[in-house]
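Everything below concerns the one structure shown next.
The values are calculated or read from the model by the stated rules, or taken from the named source; none is laboratory data. Because the structure is a prediction, the values reported are computed rather than measured. Don't worry about glycine lacking a Cβ; one is built from the backbone with ideal geometry, like all the others, and counts go over all protein chains shown. Accessible surface areas use protein heavy atoms only, side chains included; no ligands, DNA or RNA. Shrake-Rupley method; radii C 1.70, N 1.55, O 1.52, S 1.80 Å.
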Amino acid sequence: MKKFKSFALMTLFVSTSLLTSCSSDSGSDDQGNEPSQGDYWPAAVGNQWVLNNGSDISMKIIGTEKIGQSTYYKFDKFLTPSSSDITGSATAWLKKTGGDYYIKLDDIVTNSGGISSKISGYEYTFFKDNLEVNGTWTGTYTQTTTIDIPGVPAIKMNVKYTGTILEKGATAVVKNVTYKDVIKFKLKLETSVEGKAAGTSEAEYWMSKDVGLVKFIFNKVASDLVSYKLN
(Lines give C-alpha, C1' and ligand atoms only; values in the text may rest on other atoms or scores of the structure.)
Protein backbone atom coordinates (compact mmCIF):
# COMPACT_ATOMS: atom_id res chain seq x y z
CA MET A 1 0.00 0.00 0.00
CA LYS A 2 2.84 2.40 0.82
CA LYS A 3 4.33 1.85 -2.64
CA PHE A 4 1.00 2.55 -4.32
CA LYS A 5 0.49 5.66 -2.21
CA SER A 6 3.92 6.97 -3.21
CA PHE A 7 3.05 6.36 -6.84
CA ALA A 8 -0.17 8.30 -6.40
CA LEU A 9 1.69 11.25 -4.92
CA MET A 10 4.06 11.23 -7.89
CA THR A 11 1.19 11.27 -10.37
CA LEU A 12 -0.52 14.04 -8.43
CA PHE A 13 2.63 16.13 -8.73
CA VAL A 14 2.60 15.76 -12.51
CA SER A 15 -0.39 18.07 -12.69
CA THR A 16 1.43 20.79 -10.72
CA SER A 17 4.21 20.79 -13.32
CA LEU A 18 2.18 22.24 -16.16
CA LEU A 19 4.10 24.12 -18.79
CA THR A 20 1.87 27.12 -18.27
CA SER A 21 0.99 25.50 -14.55
CA CYS A 22 -1.13 23.63 -13.36
CA SER A 23 -9.66 21.15 -12.99
CA SER A 24 -13.24 22.33 -10.95
CA ASP A 25 -12.07 25.44 -9.24
CA SER A 26 -13.57 25.75 -5.80
CA GLY A 27 -11.37 28.71 -5.04
CA SER A 28 -12.17 32.24 -4.03
CA ASP A 29 -11.31 35.27 -6.13
CA ASP A 30 -11.99 38.60 -4.46
CA GLN A 31 -10.79 40.72 -7.37
CA GLY A 32 -13.78 40.14 -9.66
CA ASN A 33 -13.76 40.27 -13.45
CA GLU A 34 -12.40 43.78 -13.88
CA PRO A 35 -11.80 45.14 -17.41
CA SER A 36 -8.70 43.89 -19.16
CA GLN A 37 -5.69 46.14 -19.64
CA GLY A 38 -4.76 44.41 -22.91
CA ASP A 39 -4.61 41.01 -24.56
CA TYR A 40 -1.76 39.09 -22.97
CA TRP A 41 -2.67 35.72 -24.47
CA PRO A 42 -4.18 36.11 -27.94
CA ALA A 43 -6.68 33.31 -28.48
CA ALA A 44 -7.61 32.12 -31.96
CA VAL A 45 -7.57 28.76 -33.67
CA GLY A 46 -4.14 28.28 -35.28
CA ASN A 47 -2.21 30.48 -32.86
CA GLN A 48 1.01 28.74 -31.87
CA TRP A 49 3.90 29.32 -29.47
CA VAL A 50 7.17 27.37 -29.50
CA LEU A 51 9.34 27.53 -26.37
CA ASN A 52 12.73 25.94 -25.74
CA ASN A 53 14.23 24.59 -22.51
CA GLY A 54 16.83 22.42 -24.20
CA SER A 55 14.30 21.05 -26.66
CA ASP A 56 11.41 22.72 -28.46
CA ILE A 57 7.95 22.58 -26.88
CA SER A 58 5.04 23.64 -29.07
CA MET A 59 1.61 24.80 -27.92
CA LYS A 60 -1.08 25.36 -30.54
CA ILE A 61 -4.75 26.29 -30.26
CA ILE A 62 -6.62 23.72 -32.31
CA GLY A 63 -10.27 24.36 -31.52
CA THR A 64 -12.93 26.02 -29.40
CA GLU A 65 -15.88 24.86 -27.35
CA LYS A 66 -18.77 26.72 -25.77
CA ILE A 67 -19.27 25.74 -22.14
CA GLY A 68 -22.14 27.62 -20.54
CA GLN A 69 -21.76 31.23 -21.63
CA SER A 70 -17.98 31.01 -22.03
CA THR A 71 -15.76 30.14 -24.98
CA TYR A 72 -12.82 27.85 -24.22
CA TYR A 73 -9.79 27.53 -26.52
CA LYS A 74 -8.30 24.06 -26.82
CA PHE A 75 -4.54 23.39 -26.91
CA ASP A 76 -2.97 20.43 -28.69
CA LYS A 77 -0.29 20.12 -25.99
CA PHE A 78 0.15 21.83 -22.69
CA LEU A 79 2.14 19.93 -20.09
CA THR A 80 5.32 18.00 -19.45
CA PRO A 81 5.71 15.34 -16.73
CA SER A 82 7.82 16.09 -13.66
CA SER A 83 9.44 12.65 -13.85
CA SER A 84 10.70 10.70 -16.85
CA ASP A 85 9.17 7.59 -15.25
CA ILE A 86 5.67 8.97 -15.62
CA THR A 87 3.91 9.73 -18.87
CA GLY A 88 0.67 11.63 -18.95
CA SER A 89 -1.69 13.42 -21.25
CA ALA A 90 -4.61 15.76 -20.79
CA THR A 91 -6.64 18.25 -22.77
CA ALA A 92 -6.03 21.85 -21.71
CA TRP A 93 -8.20 24.88 -22.37
CA LEU A 94 -7.87 28.66 -22.06
CA LYS A 95 -10.73 31.00 -21.15
CA LYS A 96 -10.59 34.79 -20.90
CA THR A 97 -13.11 36.91 -19.00
CA GLY A 98 -12.33 40.59 -18.63
CA GLY A 99 -8.76 40.75 -17.38
CA ASP A 100 -8.88 37.20 -16.00
CA TYR A 101 -7.27 34.21 -17.73
CA TYR A 102 -8.37 30.72 -16.70
CA ILE A 103 -6.82 27.33 -17.42
CA LYS A 104 -9.10 24.29 -17.50
CA LEU A 105 -7.51 20.87 -17.51
CA ASP A 106 -9.44 17.70 -18.26
CA ASP A 107 -8.69 14.43 -16.49
CA ILE A 108 -5.00 13.44 -16.64
CA VAL A 109 -4.22 9.83 -17.48
CA THR A 110 -0.76 8.65 -16.39
CA ASN A 111 1.26 5.46 -16.58
CA SER A 112 4.29 4.35 -14.62
CA GLY A 113 5.79 0.87 -14.66
CA GLY A 114 2.67 -0.50 -16.26
CA ILE A 115 0.42 0.96 -13.56
CA SER A 116 -2.14 3.43 -14.88
CA SER A 117 -3.97 6.10 -12.96
CA LYS A 118 -6.35 8.99 -13.52
CA ILE A 119 -6.20 12.44 -11.94
CA SER A 120 -9.42 14.42 -11.94
CA GLY A 121 -9.48 17.64 -13.93
CA TYR A 122 -9.74 21.17 -12.57
CA GLU A 123 -9.98 24.84 -13.51
CA TYR A 124 -8.18 27.76 -11.90
CA THR A 125 -7.37 31.45 -12.34
CA PHE A 126 -4.01 31.42 -14.09
CA PHE A 127 -3.37 35.14 -14.50
CA LYS A 128 -4.86 38.61 -14.03
CA ASP A 129 -3.71 41.46 -16.27
CA ASN A 130 -5.73 44.07 -14.35
CA LEU A 131 -3.84 44.01 -11.04
CA GLU A 132 -1.07 46.38 -10.02
CA VAL A 133 2.41 45.26 -8.94
CA ASN A 134 2.21 43.14 -5.75
CA GLY A 135 -1.47 42.47 -6.42
CA THR A 136 -2.49 38.88 -5.65
CA TRP A 137 -5.22 36.35 -6.34
CA THR A 138 -5.90 33.06 -4.56
CA GLY A 139 -7.97 29.93 -4.93
CA THR A 140 -8.18 26.25 -4.11
CA TYR A 141 -9.07 23.07 -5.94
CA THR A 142 -9.14 19.37 -5.17
CA GLN A 143 -7.71 16.58 -7.31
CA THR A 144 -8.57 12.91 -6.90
CA THR A 145 -6.21 10.18 -8.10
CA THR A 146 -7.57 6.72 -8.77
CA ILE A 147 -5.20 3.84 -9.52
CA ASP A 148 -6.13 0.89 -11.69
CA ILE A 149 -5.44 -1.68 -8.97
CA PRO A 150 -8.26 -3.48 -7.12
CA GLY A 151 -8.51 -2.53 -3.47
CA VAL A 152 -6.38 0.63 -3.71
CA PRO A 153 -8.44 3.61 -2.49
CA ALA A 154 -8.60 6.96 -4.25
CA ILE A 155 -6.32 9.67 -2.90
CA LYS A 156 -7.45 13.29 -2.69
CA MET A 157 -5.02 16.19 -2.88
CA ASN A 158 -6.01 19.73 -1.92
CA VAL A 159 -4.21 22.55 -3.70
CA LYS A 160 -4.06 26.20 -2.68
CA TYR A 161 -2.67 28.57 -5.29
CA THR A 162 -1.51 32.16 -4.93
CA GLY A 163 -0.61 34.40 -7.85
CA THR A 164 1.39 37.60 -7.44
CA ILE A 165 2.15 40.34 -9.99
CA LEU A 166 5.90 40.99 -9.93
CA GLU A 167 6.30 43.60 -12.65
CA LYS A 168 4.17 45.45 -15.23
CA GLY A 169 5.00 47.40 -18.36
CA ALA A 170 8.42 45.76 -18.51
CA THR A 171 10.70 45.40 -21.51
CA ALA A 172 12.17 41.90 -21.74
CA VAL A 173 14.77 40.39 -24.06
CA VAL A 174 14.20 36.67 -24.73
CA LYS A 175 16.38 34.81 -27.24
CA ASN A 176 17.62 38.17 -28.58
CA VAL A 177 14.09 39.38 -29.24
CA THR A 178 12.78 42.42 -27.39
CA TYR A 179 9.23 42.27 -26.05
CA LYS A 180 7.41 45.27 -24.62
CA ASP A 181 4.47 45.63 -22.26
CA VAL A 182 5.47 42.50 -20.36
CA ILE A 183 3.75 41.44 -17.14
CA LYS A 184 5.78 39.14 -14.90
CA PHE A 185 4.03 37.11 -12.23
CA LYS A 186 4.58 34.06 -10.06
CA LEU A 187 2.19 31.26 -9.19
CA LYS A 188 2.70 29.33 -5.97
CA LEU A 189 1.04 25.97 -5.32
CA GLU A 190 0.74 24.50 -1.82
CA THR A 191 -0.49 20.90 -1.69
CA SER A 192 -1.76 18.68 1.08
CA VAL A 193 -2.88 15.05 1.16
CA GLU A 194 -5.05 13.65 3.94
CA GLY A 195 -4.55 16.90 5.84
CA LYS A 196 -0.76 16.72 5.69
CA ALA A 197 1.46 19.08 3.72
CA ALA A 198 2.72 17.34 0.59
CA GLY A 199 4.84 20.02 -1.01
CA THR A 200 5.16 23.51 -2.44
CA SER A 201 6.08 24.57 -5.94
CA GLU A 202 6.46 27.97 -7.56
CA ALA A 203 6.75 29.07 -11.17
CA GLU A 204 7.31 32.44 -12.84
CA TYR A 205 5.70 33.57 -16.08
CA TRP A 206 6.36 36.46 -18.45
CA MET A 207 3.38 37.48 -20.60
CA SER A 208 3.81 40.01 -23.42
CA LYS A 209 0.89 42.10 -24.63
CA ASP A 210 -0.45 40.92 -28.01
CA VAL A 211 2.09 38.03 -28.00
CA GLY A 212 1.43 35.68 -25.09
CA LEU A 213 3.82 33.61 -23.00
CA VAL A 214 7.46 34.53 -23.70
CA LYS A 215 9.20 32.93 -20.71
CA PHE A 216 8.41 30.30 -18.09
CA ILE A 217 10.71 29.46 -15.15
CA PHE A 218 10.22 26.36 -13.00
CA ASN A 219 12.80 24.67 -10.74
CA LYS A 220 15.41 27.17 -12.02
CA VAL A 221 14.91 25.91 -15.57
CA ALA A 222 13.76 28.52 -18.09
CA SER A 223 11.64 27.86 -21.16
CA ASP A 224 12.07 30.70 -23.66
CA LEU A 225 9.87 31.65 -26.58
CA VAL A 226 11.70 30.99 -29.86
CA SER A 227 8.84 31.58 -32.31
CA TYR A 228 5.13 32.26 -32.45
CA LYS A 229 2.35 32.57 -35.02
CA LEU A 230 -0.87 34.51 -34.53
CA ASN A 231 -3.89 34.48 -36.80
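General remarks:
- Remark: pairs (first residue in segment 118-142, closer than 12 Å to ILE183 by Cα; second residue among the polar types (S, T, N, Q) and modelled with pLDDT of 95 or more; Cβ separation under 7 Å; 6+ apart in sequence or on different chains) = ASN134/THR164.
- Within segment 213-231, residues that are under 18 Å from ASP181 (Cα atoms) and open to solvent by 30 Å² or more (accessible area, probe 1.4 Å) have Cβ atoms under 6 Å from residues that are outside any strand (DSSP E or B) and polar (S, T, N, Q) in these pairs: LEU230/ASN47, counting only partners at least 6 apart in sequence or on another chain.
- Looking across segment 203-231, the residues that are within 13 Å of the chain's Cα centre (by Cα) and over 20 Å from ASP100 (Cα atoms) come down to ILE217, PHE218.
- Criterion (assigned to a strand (DSSP E or B) and open to solvent by 60 Å² or more (accessible area, probe 1.4 Å)) met by exactly one of LYS188, LYS184: LYS188
- Subset of segment 193-204 (residues that are open to solvent by less than 30 Å² (accessible area, probe 1.4 Å) and not β-branched (Val, Ile, Thr)): SER201, ALA203
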